[in-house]
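Nothing in this text is a laboratory measurement; each read-out follows from the coordinates by a stated rule. Keep in mind that what you see is a predicted model, and the values were worked out from it rather than measured. We place every Cβ from the backbone using ideal geometry, glycine too, and count neighbours over all the protein chains shown.
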Amino acid sequence: MGVCMTLRKSRYLVAVLALAATVGVLSGCQSVAGSQAVSLVRVIDASYNAPAVDVYVGQTQIAGNIAAPLITNYAILSPGVQTTKIDSTGTTKVLATVNGDYLASTQHSLYLSDSGTGFTATLLTDQVIAAPAGDFDVRFLQNANAVGSVDIYLVPDGSKFAAATPIVANLAPGQVTSYIPVAVGSYQLVIAPAGSTKASYTGSAVVYTSGQVRTLLITDQPNVDQQPINVVVGDDVD
């Protein structure tokens, strides 16, 4: 789950209402209009070590009772340096904090990822500019600890996985790629352990169109009767 937005270099993210004490949420293909530049933030929860959590930026709750694997919608915030707090759901027990600058006219992701038997929280900056004409841009967040390092393929419709070259090779758990430009078209996402031709994840064909920007979260699959890897898609720009 994510947010679809059309954004260009000359266009700012703006709010309908004054945001001194309020927060809004964007879902679906929406834009915000008004007079005040804002910051957008979502939560990407990839941590199976973390319990269900509530997330606060300053005093504003942006997510409640969430658990991995999940990508929330973007919430609207006033820009500025703020402390983000991750609490165990329904309590005041602080599990992690992140200090970050929520920039105006910018999209951010608060990324919760496993680290040993615990988890870490990192503030990422998301792309707000549409991909160039004829391309879409994609970023991968790797948190499949049980599978380990992986090779990632976008197999064009009608092509064979065996003949494909990975778009990302040997991506270790904990790593986050930059945004990668890819020619528009229909692709099947395939993920395999690094150096292996045996897929741990094979997705359905997806048509990607010009300008789209996507974040793909890779996690372990907790259901043993399904594929070893689970993928959640976030819509950064549509």
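Tabulated values for the structure
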item	result
Those trypsin sites (Lys or Arg not before Pro) in the range 134-238 that DSSP places in a loop and that have at most 16 other beta carbons within 10 Å	Lys160, Lys198
Max mean-square fluctuation residue, GNM over the chain, Cα-Cα springs under 10 Å, options Ser78, Ser109, Ser178	Ser178
Projected label distance in nm at Lys198 and Thr92, using a 7 Å step from Cα toward the beta-carbon	5.2
For the chain, built as a Gaussian network whose Cα springs stay under 10 Å, the top-fluctuating residue of Leu110, Leu189, Leu217	Leu189
Full-extension gain in nm, Ala52 to Ala37, via 0.36 nm per residue minus C-alpha separation	2.2 nm
Under the Karplus curve 6.51 cos²θ - 1.76 cosθ + 1.60, θ = phi - 60°, whole-Hz ³J(HN,Hα) for the range 54-70, x wherever Gly or Pro sits	10, 10, 10, 10, x, 9, 9, 7, 9, 7, x, 6, 9, 8, 5, x, 7
Length added when fully stretched, Gln59-Asp101, from 0.36 nm per residue minus Cα-Cα	13.6 nm
Listed residues Thr117, Thr72, Thr106, most fluctuating in the chain (Gaussian network, C-alpha, under 10 Å)	Thr117
Whole-Hz couplings from phi, Karplus 6.51/-1.76/1.60, listed for the range 71-87; x for Gly and Pro	10, 7, 5, 6, 9, 9, 10, 6, x, x, 6, 9, 9, 9, 10, 10, 10
